[in-house]
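Below: one structure, written as structure tokens.
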Amino acid sequence: MTDANTELLQVDNLGKRFGGFVALENISLAVTAGERLGLIGPNGSGKSTLVNCICGTLRNEEGSVHFDGRKLDGLRAHQRTHLGLARSFQLPRPFVSLSLIDNIRIPRLYTVAARGHSHAASDVEERCAALLREVGLETKARQRPRDLTQVEMRKLELARAMASEPKLLMADEAMAGLTPSEVEDILALLVRLNEQGVTIILIEHIMRAVMSFSRRLVVLVSGRKIADGAPNEVMRDPEVERAYLGQ
Amino acid sequence: MRTPAFLVICLIVAAAVFATAVGVGNDYVFFAGYVVLQYVVLSTAWNILGGYCGYVNFGTAAFFALGAYSTVAIYKLIAVSELPHVVPIPVLMLIGGVVSGIVGFGMGYLTLRLRGAFFSIATLALAVVLETLVVNWDYVGGSRGAYVIRPEELPLIGNYIRYLFLMMLLLAVAAITIARLIEHSRLGYGFATIRDDELAAEASGVPTLRLKLIATTISGTLMGMAGAPFPYYIGFLQPDSTFALDYAVNSIAMPLIGGTTSWAGPLIGTLLLGTLQQIITVTISSAVNLLLVGCLLVLFVIVAPNGIVGLVHTYLQRKPEDFVGRRRVGADAAGSLS
């Protein structure tokens, strides 16, 4: 694990264009190991695009991304996952033909094992079961994702991201559409994960969740970063207010 | 079941099949059986890419023909040399396998960034391009075709067709064992994630492009190996019939009818459809073959989109893990065909 107070993720002047549309412009962002960062912004402001650029799902035309002291540009998504970057998708994308436990098994087999850790079959089995237990899905381990509710699907999505034992987890709207108590469940899970040393970037619309979770808040509007700082200060920022509430 | 045990069982079954065929005492059984076995290999090979990874390959004939024409090229080569005139079939299979494996890898590298129907169209194009090349390559007979003279008898085994049958039987055992090995390995899990969701697979650390290249290479190699003995079987090899669409259609239809997510699917589908085709060829006419395939395919897409294995799996739902159909059977592959 990286020492505290060193930069785990460093994004410099990142830019992404879709044809003539500028999705991200000149984004710079530094995330320290162990941080709990909230990333907010109105719909279409480029939050998910930023996650996609960091994770390698999309290629950024401008700027660069460093992670854990390594330059990520040009690396494919799975290579970034190997380095310790994990993300959950905004709309859950489970492996529909695999059982829940096998869904969790994939990152263990392909990421944790690839890092050279031992992966005795029983060990993998045990770890996968533990992860499912952590998100409360242990009783459905042998079922298929199609049998799950929306909430369970999001939990599975998180568990799968956690299964790769990441240094940095980006949770892309993991709580959209959940009831307040379910939001609490997921938040508690993320806090627990953070206490185990995982840096977390939370992308979220539910302000209550973001404010209670984040130690720092970054605001994106129309592909540009307009604020970065302590949550309460950021929320008082007139520009942020304007973006959220209008003039 | 461990792989060695599975292999032993397969070999015992193969020995029983061979003994039964010898017992019938009619060499036509070997001629008909050879074709069925050839399709066991082709459909199993197709299924490694099409069923496990969800990439529908319409170019089976291309890989099959590569194997066959490798044999013709070698036949022509040694015909003018001082070497002994008969090259053992396993050697020809290896050579044919290597050639089409390399082409499989190359095709994969060029086309695997395409998805769905676009990939399928590219594989179809490969067959057309290769056929054009062969038609214009005089050395292997060009459009006239090439004669390959089969030795009459072999010591121990007897008639040469028995030898061909036996070789294809062993290749079928090898193909099925490989398919099963993949299915239960890390590679098999990786293939399944590619079929389900490539973005999520990448995010989970699965190197999707590398895995797809492995699949196209294994699949291509096995198809080429199945094609290598074909000139000796048919005696006269001609581009038209070697690149026939039948190979592509059959090797897609057989896994779809049997079920695409386990090794048993292509086997069951081939035994059913392939045998039926042979019977119809003898009793009615060879032209009815494709009609039969079409009708069965329509029937299965409607009634049992997950194939026979899927049907049995649903029936045995009580103990799903013990049966071969570990995963949901590839409705995706069926979907992109219908």
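Worth a mention:
- Every residue from the stretch A:1-34 that is under 21 Å from A:L169 (Cβ atoms), modelled with pLDDT under 90 and of a type outside the set (A, V, I, L, M): A:T2, A:D3, A:N5, A:T6, A:E7
- Some residue of the stretch B:128-136 being aliphatic (A, V, I, L, M), more than 22 Å from the chain's Cα centre (by Cα) and closer than 26 Å to B:S241 by Cα: yes
- Subset of the stretch A:4-51 that is surrounded by fewer than 19 Cβ atoms within 10 Å (Cβ to Cβ), part of a loop (DSSP other than H, G, I, E, B) and polar (S, T, N, Q) - its residue that is nearest to the other protein chains (Cβ to nearest Cβ): A:N43
- Residue within the stretch A:161-169 that is touching a helix residue (DSSP H, G or I) at 6+ places or on another chain (Cβ under 9 Å), more than 9 Å from chain B (Cβ to nearest Cβ) and farther than 28 Å from A:T6 by Cα present: no
- Among the residues of the stretch A:69-93, the ones that are more than 8 Å from every other protein chain (Cβ to nearest Cβ) and touching a helix residue (DSSP H, G or I) at 6+ places or on another chain (Cβ under 7 Å) come to 7 in all.
Results for (1) of a type outside the set (A, V, I, L, M, F, W, C); (2) buried (at least 24 other Cβ atoms within 10 Å of the Cβ); (3) modelled with pLDDT of 90 or more, shown as yes or no for each residue.
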residue: B:I218; (1), (2), (3): no, no, yes
residue: B:G235; (1), (2), (3): yes, no, no
residue: B:A244; (1), (2), (3): no, no, no
residue: B:T275; (1), (2), (3): yes, no, yes
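- Complete set of residues in the stretch A:192-217 that are surrounded by fewer than 19 Cβ atoms within 10 Å (Cβ to Cβ), small (G, A, S) and in a loop (DSSP other than H, G, I, E, B): A:G197
- Checklist (1) at the interface with chain B (Cβ under 10 Å from one of its Cβ atoms); (2) in contact with a helix residue (DSSP H, G or I) (Cβ under 8 Å, 6 or more places away or on another chain); (3) modelled with pLDDT of 90 or more applied to A:I101, failing item: (1)
- Condition met for B:T177 (more than 14 Å from chain A (Cβ to nearest Cβ), in contact with a Ser or Thr (Cβ under 8 Å, 6 or more places away or on another chain) and surrounded by fewer than 24 Cβ atoms within 10 Å (Cβ to Cβ)): yes
- Within the stretch A:52-68, at least one residue is under 17 Å from A:L220 (Cα atoms), within 14 Å of chain B (Cβ to nearest Cβ) and not aliphatic (A, V, I, L, M).
- Residues of the stretch B:138-153 satisfying the condition of being of a type outside the set (V, I, T) and either at pLDDT 90 or above or exposed (fewer than 15 other Cβ atoms within 10 Å of the Cβ) (or both): B:D138, B:Y139, B:G142, B:S143, B:R144, B:Y147, B:P151, B:E152, B:E153
- Among the residues of the stretch A:74-117, those that are touching a His at 6+ places or on another chain (Cβ under 9 Å) and of a type in the set (D, E, K, R) comprise A:R108, A:R115.
- Scanning the stretch B:40-70 for residues that are closer than 14 Å to B:F119 by Cα and aliphatic (A, V, I, L, M) gives B:L49, B:V56.
- A single member of A:G15, A:G34, A:G20 is of a type outside the set (F, W, Y) and without any contact (Cβ under 8 Å) to a residue 40 or more places away in the chain, and it is A:G20.
- Looking only at the stretch B:17-35, residues that are surrounded by fewer than 11 Cβ atoms within 10 Å (Cβ to Cβ) and either part of a helix (DSSP H, G or I) or under 19 Å from the mean Cα position of the chain (by Cα) (or both) come to 2 in all.
- Flag if B:V282 is in a loop (DSSP other than H, G, I, E, B) and either within 14 Å of chain A (Cβ to nearest Cβ) or more than 30 Å from A:R80 (Cα to Cα) (or both): no
- When B:S185 is tested against (1) of a type in the set (G, A, S); (2) within 14 Å of another protein chain (Cβ to nearest Cβ); (3) buried (at least 21 other Cβ atoms within 10 Å of the Cβ), only condition (3) is not met.
- All of A:T149, A:T199 fail the test of being of a type in the set (V, I, T), at pLDDT 90 or above and out of contact with any helix residue (DSSP H, G or I) (no Cβ under 9 Å at 6 or more places or on another chain), apart from A:T199.
- On inspection, A:R160 fails the criterion of being of a type in the set (K, R) and either out of contact with any Pro (no Cβ under 8 Å at 6 or more places or on another chain) or modelled with pLDDT under 90 (or both).
- Test for A:R146: is it more than 14 Å from chain B (Cβ to nearest Cβ), basic (K, R), surrounded by fewer than 17 Cβ atoms within 10 Å (Cβ to Cβ) and touching a residue at least 12 places away in the same chain (Cβ under 8 Å): no
- Number of residues in the stretch B:202-220 that are part of a helix (DSSP H, G or I) and over 27 Å from the mean Cα position of the chain (by Cα) equals 2.
- Pairs where the first residue, in the stretch A:51-63, is farther than 15 Å from A:F18 by Cβ and the second is in a helix (DSSP H, G or I) and at pLDDT 90 or above, C-beta under 7 Å, 6+ apart: A:C55/A:A77; A:C55/A:R80; A:C55/B:A203; A:G56/A:A77; A:G56/A:R80
Residue-by-condition table, conditions (1) within 14 Å of another protein chain (Cβ to nearest Cβ); (2) of a type in the set (S, T, Y):
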| position | (1), (2) |
| --- | --- |
| B:A127 | no, no |
| B:L130 | no, no |
| B:L171 | no, no |
| B:G190 | yes, no |
| B:T221 | no, yes |
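- From A:L178, A:L109, residue being at negative phi and within 14 Å of chain B (Cβ to nearest Cβ): A:L109
The values are calculated or read from the model by the stated rules, or taken from the named source; none is laboratory data. Just so we're clear, the structure is a prediction, and the values are computed from it rather than from any experiment. Because the Cβ atoms are built from the backbone with ideal geometry, glycine has one as well, and the counts that use them run over all protein chains shown.
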